[in-house]
Ligand code: ARG
């Protein structure tokens with residue numbers, strides 16, 4: 001029989017199958033360094049409070065230091081090792097003998113694993129936040145190059161109203177800013193210390209939870225030991241934040257895919273982010289964007305898995321909780337990779353500004369402004385103007401007329417046909433209203449696409465970037 005924690009309670013080990021089935025070793029690689037930190041803080045606290053002998057504590061601490069230097073490869077895994085916590089304890093035992101057994105005084109793997117996950121997660125959150133800030137910075141710069149470049153905005157994927165490329169890009173920047181802020185808020189609930197909750201009811205040893213909280217850089221300790229070992233809502237919340245981020249990224253990819261088609265012809269993707277076909281030599285396919293769109297879906301699945309495991313768990317620790325963690329690591333990995341590649345891909349896109357302008361001026365995307373000048377110049381109700389312009393577009397489209405062919409005479413014929421008075425609008429005013437550049441210029445309200453308003457939005461987000 002191998003020497004391990006089972007020997008007291010059991011006469012046999014698990015079957016190999018059961019051992020493998022219950023092992024968390026694969027996912028535990030993620031918390032290896034954090035587990036050393038947790039053990040270090042706990043042992044230091046045991047020393048400081050006099051719960052264990054200072055010499056023994058020092059031996060444990062130097063063995064942990066050695067392990068930190070030697071790395072994960074120094075651990076020995078035989079089938080009796082359930083998880084990284086046992087492997088680390090075994091390592092310390094191999095260095096200092098049975099004295100290692102003192103390190104587990106007043107500690108359980110239950111509070112230990114919860115602490116480790118939080119330690120790793122807070123670093124990963126910060127890493128993703130930095131990635132988001134870099135992406136926003138790149139977008140703001142890119143937008144600066146396209147402040148005056150008109151483009152078509154869509155609703156229902158139908159031509160809606162003219163905007164600028166900059167205004168569209170800055171919409172993504174705003175969504176990313178919220179994704180950042182969501183993680184910022186979640187961080188407050190991640191950076192809390194479960195250590196000292198032990199198995200679920202703390203311990204009778206006079207441990208100092210405030211000390212381990214300080215040593216591990218947590219903002220506070222979790223106040224209830226039962227909550228401390230079993231709470232994983234901080235994971236669900238983080239993964240939700242990641243689904244939101246990946247939704248933003250996936251939507252960007254969806255547009256890049258559409259825009260790069262021959263039919264849209266709005267952008268040219270960089271060759272570095274394109275693939276070709278094994279049979280059709282002409283192909284330039286947006287595979288990276290497609291895979292980013294596909295992979296971001298994985299994160300949604302992970303969120304559902306995590307929530308579904310959590311909802312069936314009675315207080316306190318249940319082994320099901322172990323099954324949550326790999327889904328967290330996977331969600332983080334997919335999100336980090338997707339954020340990184342979508343950042344580089346979007347920032348390397350070339351806009352076909354002529355094609356953007358052409359689309360903005362066609363298909364009566366400027367019709368709202370024609371209705372607006374009727375209201376402004378002749379003080380008619382907007383609904384009446386809406387009706388007249390709707391009919392203008394209907395007849396113009398049927399007879400293949402373009403925006404340039406709309407005259408005051410044509411408008412008045414339709415107005416009269418619908419039972420309204422003639423409007424007698426100036427032809428130049430009409431053409432101005434139908435011009436996409438003029439449309440954009442006069443949308444000068446807060447949040448609007450006029451170049452100076454987008455410039456203001458860029459300034460505001462730069463202030464945010466500087467503060468973060
Ligand atoms: N591998 C376990 C997990 O991830 C560590 C805690 C094990 N606790 C236990 N009582 N078996 O949850």
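Here are some notes:
- Qualifying positions in segment 52-102 - within 16 Å of the ligand (Cβ to nearest atom) and under 28 Å from residue 206 (Cα atoms): 83, 84, 85, 86, 87, 88, 89, 90
- No other residue among 443, 458 is surrounded by 13 or more Cβ atoms within 10 Å (Cβ to Cβ) and either at positive phi or without any contact (Cβ under 8 Å) to a residue 40 or more places away in the chain (or both) apart from 443.
- Just one of (1) touching a helix residue (DSSP H, G or I) at 6+ places or on another chain (Cβ under 8 Å); (2) outside any loop (DSSP other than H, G, I, E, B) fails for residue 425. It is (2).
- Figure legend. Inter-residue proximity from segment 72-85: first residues within 13 Å of residue 33 (Cβ to Cβ), second residues away from the ligand (no atom under 14 Å from the Cβ) and in a helix (DSSP H, G or I), beta-carbon distance below 7 Å, spacing 6+ or different chains. Indicated pairs: 74/67; 74/91; 75/91.
- Residue 328 being in contact (Cβ under 8 Å) with a residue 60 or more places away in the chain and within 12 Å of the ligand (Cβ to nearest atom): yes
- Residue 314 within 16 Å of the ligand (Cβ to nearest atom), over 19 Å from residue 117 (Cβ atoms), modelled with pLDDT of 95 or more and in the same structural domain as residue 152 (by TED's automatic domain parsing): yes
- Test: residue in segment 416-426 that is without any contact (Cβ under 8 Å) to a residue 60 or more places away in the chain and under 30 Å from residue 256 (Cα atoms): no
- Within the option set 307, 291, 303, being part of a helix (DSSP H, G or I) and over 26 Å from residue 131 (Cα atoms) holds for one residue only, 307.
- The condition (being within 16 Å of the ligand (Cβ to nearest atom) and free of Cβ contacts under 8 Å to residues at least 40 places away in the same chain) is satisfied by just one residue among 220, 201: 201.
- Leading residue by the ranking (surrounded by the fewest Cβ atoms within 10 Å (Cβ to Cβ)) among those in segment 1-14 that are within 13 Å of the ligand (Cβ to nearest atom) and closer than 20 Å to residue 98 by Cβ: 9
For (1) within 23 Å of residue 154 (Cα to Cα); (2) assigned to a loop (DSSP other than H, G, I, E, B), each residue gets a yes or a no:
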residue: 377; (1), (2): no, no
residue: 416; (1), (2): no, no
residue: 419; (1), (2): no, yes
residue: 431; (1), (2): yes, no
residue: 439; (1), (2): yes, no
residue: 449; (1), (2): yes, yes
residue: 454; (1), (2): yes, no
residue: 459; (1), (2): no, no
residue: 465; (1), (2): no, no
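- Scope segment 206-216; condition in contact (Cβ under 8 Å) with a residue 12 or more places away in the chain and surrounded by fewer than 15 Cβ atoms within 10 Å (Cβ to Cβ); matching residues: 206
- Selection status of residue 106, in contact with a helix residue (DSSP H, G or I) (Cβ under 8 Å, 6 or more places away or on another chain), at positive phi and in contact (Cβ under 8 Å) with a residue 24 or more places away in the chain: yes
- The set of residues from segment 287-311 being surrounded by fewer than 21 Cβ atoms within 10 Å (Cβ to Cβ) and within 16 Å of the ligand (Cβ to nearest atom) comprises 305, 309, 310.
- In segment 15-32, the residue that is modelled with the highest pLDDT out of those that are surrounded by 15 or more Cβ atoms within 10 Å (Cβ to Cβ) and more than 12 Å from the ligand (Cβ to nearest atom) is 32.
- Taken across segment 66-84, residues that are outside any helix (DSSP H, G or I), under 31 Å from the mean Cα position of the chain (by Cα) and buried (at least 19 other Cβ atoms within 10 Å of the Cβ) do occur, with at least one present.
The rows are residues; the columns are (1) surrounded by fewer than 17 Cβ atoms within 10 Å (Cβ to Cβ); (2) in a helix (DSSP H, G or I).
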site: 47; (1), (2): no, yes
site: 58; (1), (2): yes, yes
site: 63; (1), (2): no, yes
site: 100; (1), (2): no, yes
site: 127; (1), (2): yes, yes
site: 134; (1), (2): yes, yes
site: 142; (1), (2): no, yes
site: 154; (1), (2): yes, no
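- Some residue of segment 404-416 being within 30 Å of residue 255 (Cα to Cα) and more than 43 Å from the chain's Cα centre (by Cα): yes
- Test: residue in segment 235-255 that is in the same structural domain as residue 152 (by TED's automatic domain parsing), farther than 30 Å from residue 187 by Cα and modelled with pLDDT of 95 or more: yes
- For residue 140, the test of being away from the ligand (no atom under 16 Å from the Cβ) and at pLDDT below 95 is failed.
The values are calculated or read from the model by the stated rules, or taken from the named source; none is laboratory data. If you're wondering where the values come from, they're calculated on a predicted model, not measured in any experiment. FYI the Cβ positions are ideal-geometry reconstructions off the backbone, even for glycines, and counts take in every protein chain you see.
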